[in-house]
Amino acid sequence: MTAGTLYIVPTPIGNLNDITLRALEVLEQVDVIAAEDTRHSGILLSHFGIKGKLWALHEHNERQKAEAIVARIAEGQNIALISDAGTPLISDPGYPLVSACRAAGITVTALPGACAAITALSAAGLPTDRFLFCGFLPAKQQARISALEALVSEPATMVFYESPRRIVDTLQAIITAFGGEREVVLAREISKQFETYLHGSASTLLAQVQADANQQRGEMVLMIAGAKLDQQTIPSDALKLLKVLSAELPPKKAAKIVAGHYNLRPNDLYKHTMAE
């Protein structure tokens with residue numbers, strides 16, 4: 001008996017036309033569709049005329065359901081995994097299932113498609129050569145501030161998901177941790193009628209959001225510019241390696257090697273070399 005396949009299928013984050021032809025084809029053909037919320041996904045499938053058997057797979061039952069789904073796939077069934085919107089597993093359920101399938105030697109095929117984090121980042125106007133996806137920040141303010149303070153020297157653009165009811169507190173936490181001048185972009189309602197991008201300093205964005213209740217509604221992606229060279233600490237070990245390599249290699253190549261090893265920006269290391 002030939003085992004089936006687990007398909008990871010992205011669904012629209014706003015505009016229903018964002019779904020791909022391949023996603024529709026897979027959803028029509030699979031034996032079971034594992035969905036985060038069967039009622040929500042039922043509306044989506046009905047819109048496209050897809051009649052499929054929906055199974056609920058959410059954060060509270062996915063470890064228990066994973067075993068049953070793996071058994072079905074091993075018997076030859078094809079199963080699709082979808083979330084409420086966007087790409088499954090990206091701050092959504094699915095990791096235990098995918099991990100279990102991999103452990104069982106089952107084929108896992110991920111389809112390209114909608115992802116709020118990537119869509120927002122591509123239009124934010126912040127550096128995209130390196131970025132750090134951080135998911136949701138802690139719910140409690142002090143824990144949120146502590147999590148942000150740990151990222152103060154992070155050189156990569158930071159990408160977060162945030163809820164409307166916490167956006168004001170989160171912007172205040174960013175000001176506490178990073179200072180009011182750190183560049184921030186808030187993307188709201190991506191791919192929907194009221195899509196909005198707010199771009200400016202953390203203090204400016206906080207004032208805009210507090211002054212306009214509409215900016216405290218909808219799905220949100222919050223992006224913070226990475227630390228500039230004078231805001232980050234280059235590890236001493238990185239500087240030592242950079243010095244050694246720079247004596248043997250062109251500065252740009254040396255910077256690139258050290259940056260990859262220490263998760264730093266090559267350009268920052270190059271600038272440091274040139275300033276020596």
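Nothing in this text is a laboratory measurement; each read-out follows from the coordinates by a stated rule. Because the structure is a prediction, the values reported are computed rather than measured. In this analysis, Cβ positions are derived from the backbone assuming ideal geometry, glycine residues included, and neighbour counts consider all displayed protein chains.
Points to keep in mind about this one:
- Protection proxy ranking, peptides 200-207, 103-110, average beta carbon neighbours within 10 Å, highest first: 200-207, 103-110
- Net charge in the neighbourhood of Glu36 (other residues with Cβ under 15 Å of its Cβ; Lys, Arg +1, Asp, Glu -1) is -3.
- A Förster distance of 25 Å, applied to the separation of the beta-carbon atoms of Ile90 and Val152, puts the FRET efficiency at 0.50.
- Nearest-0.05 FRET efficiency for Glu59 and Gln210, computed from C-beta distance (R0 30 Å): 0.40
- Charge tally in the Cβ shell below 12 Å around Arg188, where Lys, Arg are +1 and Asp, Glu are -1, Arg188 excluded: -3
- Computed from the Cβ-Cβ distance with R0 of 30 Å, the FRET efficiency linking Ser99 to Phe194 stands at 0.20.
- Cα-Cα separations in region 5-110 greater than 23 Å, expressed as whole percent: 17
- By the rule of a C-alpha distance below 20 Å, with chain neighbours fewer than 8 residues away ignored, the lysines paired with Lys228 are Lys252, Lys256, Lys271.
- Under 16 Å of direct C-alpha separation, and excluding same-chain neighbours fewer than eight residues apart, Lys53 reaches these lysines: Lys65.
- Ordering Gly42, Val159, Ile234 by Cα displacement along the dipole of the chain toward the positive end leaves Ile234 in first place; charges were set at the Cβ atoms of Lys, Arg (+1) and Asp, Glu (-1).
- Global geometry of region 204-276, whether rounded, prolate or oblate, following the gyration tensor of its Cα atoms and the 1.5 cut on a/c: prolate
- Reported to the nearest whole Å, the Cα centre-to-centre distance from region 38-83 to region 163-222 is 34.
- Bridging of Lys51 to lysines at a Cα separation below 21 Å is possible for none of them, once same-chain residues fewer than 8 apart are set aside.
- Options (i) 15.0; (ii) 17.8; (iii) 15.8 - which one matches mean projected area of the Cα convex hull in nm² as calculated here: (ii)
- Cα gyration tensor, region 235-275 - rounded (a/c under 1.5), prolate or oblate: rounded
- Placing unit charges on each Cβ (+1 for Lys and Arg, -1 for Asp and Glu) gives the chain a dipole about its Cα centre, and among His199, Gly76, Phe131 the Cα reaching farthest toward its positive end belongs to Phe131.
- Neighbour counts of other Cβ atoms within 10 Å put Arg265, Arg217, Arg165 in the fewest-to-most order Arg165, Arg217, Arg265.
- Derived from the Cα gyration tensor, the three semi-axes of the equivalent ellipsoid of region 59-188 are 35, 16, 13 Å, largest first.
- Between the alpha-carbon centres of region 111-148 and region 232-272 there is a gap of 26 Å.
- Charged side chains reduced to their Cβ positions (Lys and Arg at +1, Asp and Glu at -1) give the chain a dipole of some 360 debye around its Cα centre.
- Extension gain, Val168-Thr20: 0.36 nm per intervening residue step, less the Cα-Cα distance, totals 49.8 nm.
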